[in-house]
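Just below is one structure, and these are the notes that go with it.
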Amino acid sequence: MDLATTRPDRAAAAAAPAGLVRFDRTERLVHWTTAVLVLVLLATGAAMYAGPVSTLVGRRELVRTVHVVAGLALPIPLVVGLLLPRRGRALRADARRINRFDAEDRRWLRPRRASQPGKFNAGQKLNTSFLVAAGIVLLATGVMLRWPEPWSVDLRTGATFVHDWTAIGVALSVAGHIVLALRDPIAFAGMRRGVVPARWARRTHPRWYEEVTGLPADRLAGPPDTPAIADAARR
């Protein structure tokens, strides 16, 4: 046994915290408020334009009003969160992370190559970027459809086409996001409670683990997650 190797490993394992804060309260509030608004928009959009759903729900004018109000409110949680001087600091830091696409992200997109993701992997960055861009497109085209008078017929027709197909893309993206979240209960718990086990972070987001702990991710031995660590994260 090489004592020079095992001692640093044990020291790193002892120094590692049981749980790491992945999302603070502001980030979780922004996420869940936005999620509710998106689900309302998808449900009311389906109620207006999907024949069977529209027939089942009825009350088209009320549904339309709810859809418009939810659409106009959609950017508010994110904008307010980003503008908060102190409480929005973590959200702004994560926005910078998502906007940065590096060599490790490109490596992550190639399944045969091992990668070392940071706090967000390439798939999460691409999905978030798509949803933000789609939200801007849907807001702009939605305004044109709700208040059509200033716009030409050609522009309104194009806005309808773009709005509908972008909404379908968002629905597929959101469905995929929900499926992946349910398949990873630890990541899902991180967005619900804000904390994840350190060993999960070390295994799935090693560069982020090193950033927040100052410990090398490859020094920790043992199974990825243990009940004790998971219980500590829940607290």
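Values in this text are rule-based calculations from the coordinates and carry no lab data. Bear in mind the structure is a predicted one, so any value in this text is a computation, not a measurement. Please note: Cβ atoms are built from the backbone with ideal geometry, for glycine as well, and neighbour counts cover all protein chains shown.
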What FRET efficiency comes out for the pair Arg97/Asp184, r = Cβ-Cβ distance, R0 = 22 Å, nearest 0.05? 0.70
Once amide H atoms are placed 1.01 Å from N in the peptide plane, what residues at a sequence separation of 5 or more from Gly19, or on another chain, have their amide H within under 5 Å of its amide H? Ala198
Taking the Cα atoms of segment 86-224, what is the range of coordinates along each of the three principal axes, in descending order and whole Å? 64, 40, 28
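Full-extension gain between Leu39 and Arg60, please, as 0.36 nm times their residue separation minus the C-alpha to C-alpha distance. Could you put the intermediate results ahead of the total?
Numbers: separation 21, 0.36 × 21 = 7.56 nm, distance 1.75 nm.
Fully extending the segment from Leu39 to Arg60 adds 5.8 nm.
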With label points built 7 Å along Cα→Cβ from the Cα atoms of Leu145 and Ala133, find their separation and express it in nm. 2.1 nm
Along Cα→Cβ, 7 Å out, is where each label goes; now give me the distance between the ones at Arg203 and Leu83 in nm to one decimal. 4.2 nm
